Amino acid sequence: MAREESLSDLLGGWRSAVETAVPVLGFAAGWLADGRSIPLAAGIAVLAGAAVAGWRIAAGRRPVGTVFSLLVVCVGALVALRTGRAADFFGVRVLTNAASALAWAASILVRWPLLGVVVGTVLGQKTRWRADPDLLRGYQHASWVWVAQYLVRLLVFVPLWWAGTVVWLAAAQAALTWPLVAACLAVSWWVLRRALPEGHPGIRYPRALQRT
């Protein structure tokens, strides 16, 4: 397969990952800057999230993902302001990671692996990839890597959130954003390629099941 077909290139993993970490680091910086002020931290996080959203839209990125990312930041800020507990800003991210793990696992079990859905959409294939049994199986196997990614985050985030360690939560979010996403993209791409038989034309060219 050609180099340009890598999942990292197709999905823009490093950009999305780095941009996701910006509001989180802004929240932690604001919280530390003014005697652990939740209003200041929440305000900086929302402003940072809005700036990232503006940058994404100006760059022509998908608006749905941009709006969702900003919504997560805003909801996290509102929750922290409501509860008066700074660590609750990260509670929404705990929930989204748990929901993502369940959604990806369920998609595999019902034979609609989300990795195939996402990549197929990016490549303009709609659902043609599902007609290729080798490609469908490859996406199923590779999607388990994404499930593992969300579970790793939960194993780290939940104890830190429970303990209320804001700085460590922000550090963990940054550490488990780009590095973990990069590893997930690389490993899932390797798994997907290994699952395709020799001679398969690649993810851009789904093959329909040959009936006899």
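The values are calculated or read from the model by the stated rules, or taken from the named source; none is laboratory data. Please read all numbers here as calculations on a predicted model, not as lab measurements. Glycine also receives a Cβ, built like all others from the backbone with ideal geometry; neighbour counts cover every protein chain displayed. Ligands, DNA and RNA are stripped out before the accessible areas are found, and what is left, the full protein with its side chains, is counted by its heavy atoms. Shrake-Rupley method; radii C 1.70, N 1.55, O 1.52, S 1.80 Å.
Can you give the relative contact order of segment 140-212 as a percent, counting alpha carbon pairs under 8 Å and 6+ residues apart?
44 percent
What order do THR96, THR121, THR177 take when sorted by accessible area (1.4 Å probe), most exposed first?
THR121, THR96, THR177
Counting only helical runs of four or more DSSP H residues, what would the 222 nm mean residue ellipticity of the chain come to if each run contributes -39,500 (n - 2.57) and the total is spread over all its residues?
-24500 deg cm²/dmol
Give the shape of segment 140-191 as rounded, prolate or oblate, defined through the alpha-carbon gyration tensor: a ≥ b ≥ c are the square roots of its eigenvalues, a/c under 1.5 means rounded, and otherwise the shape is prolate if a/b is larger than b/c and oblate if not.
Oblate shape, in that a/c is at least 1.5 and b/c is the bigger or equal ratio.
Helix 63-83: angle to the longest alpha-carbon principal axis of the chain, degrees 0 to 90, nearest 10?
With rounding to tens, the tilt is 30 degrees.
What shape does segment 61-191 have by the C-alpha gyration tensor, where a ≥ b ≥ c are the square roots of the eigenvalues, rounded means a/c under 1.5, and otherwise prolate means a/b greater than b/c and oblate the rest?
Prolate, since a/c reaches 1.5 and a/b exceeds b/c.
What is the angle, in °, between the Cα long axis of helix 178-195 and the longest principal axis of the Cα atoms in the chain? Nearest 10 is fine, range 0 to 90.
The answer is roughly 10 degrees.
Charges at C-beta only: +1 for Lys and Arg, -1 for Asp and Glu. How large is the resulting dipole of segment 94-198 about its Cα centre, in Debye rounded to 20?
The dipole of segment 94-198 has a size of about 200 debye.
Cα axis of helix 166-175 to longest principal axis of the chain: angle in degrees, 0 to 90, nearest 10?
30 degrees
For the charge dipole of segment 77-155, defined by +1 on Lys and Arg C-beta atoms and -1 on Asp and Glu C-beta atoms about the Cα centroid, which residue among LEU95, GLY124, LEU114 has the Cα displaced farthest towards the positive pole?
Of the listed residues, the answer is LEU95.
Heavy atoms only, 1.4 Å probe, whole protein assembly: order ASP34, ASP134 by accessible area, highest first.
Greatest to least solvent exposure: ASP34, ASP134.
Tell me, what is the per residue accessible area of segment 57-212 in Å², probe radius 1.4 Å?
Heavy-atom SASA per residue in segment 57-212 reads 54 Å².
Pairs of alpha-carbon atoms within less than 8 angstrom and 6+ residues apart define the contacts here; what relative contact order does the chain have, in percent?
26 percent
What does the charge dipole of the chain about its Cα centre add up to, to the nearest 20 debye, if the Cβ of each Lys and Arg holds +1 and the Cβ of each Asp and Glu holds -1?
I would put it at about 500 debye.
For ARG128, ARG85, give the ranking by accessible area with the largest first, probe 1.4 Å.
Reading off the accessible areas and sorting them downward yields ARG128, ARG85.
Through the Karplus equation 6.51 cos²θ - 1.76 cosθ + 1.60, θ set to phi - 60°, convert the phi angles of segment 85-95 into ³J(HN,Hα) values in whole Hz; use x for Gly and Pro.
Couplings: 10, 4, 4, 6, 4, 8, x, 4, 5, 4, 5 Hz.
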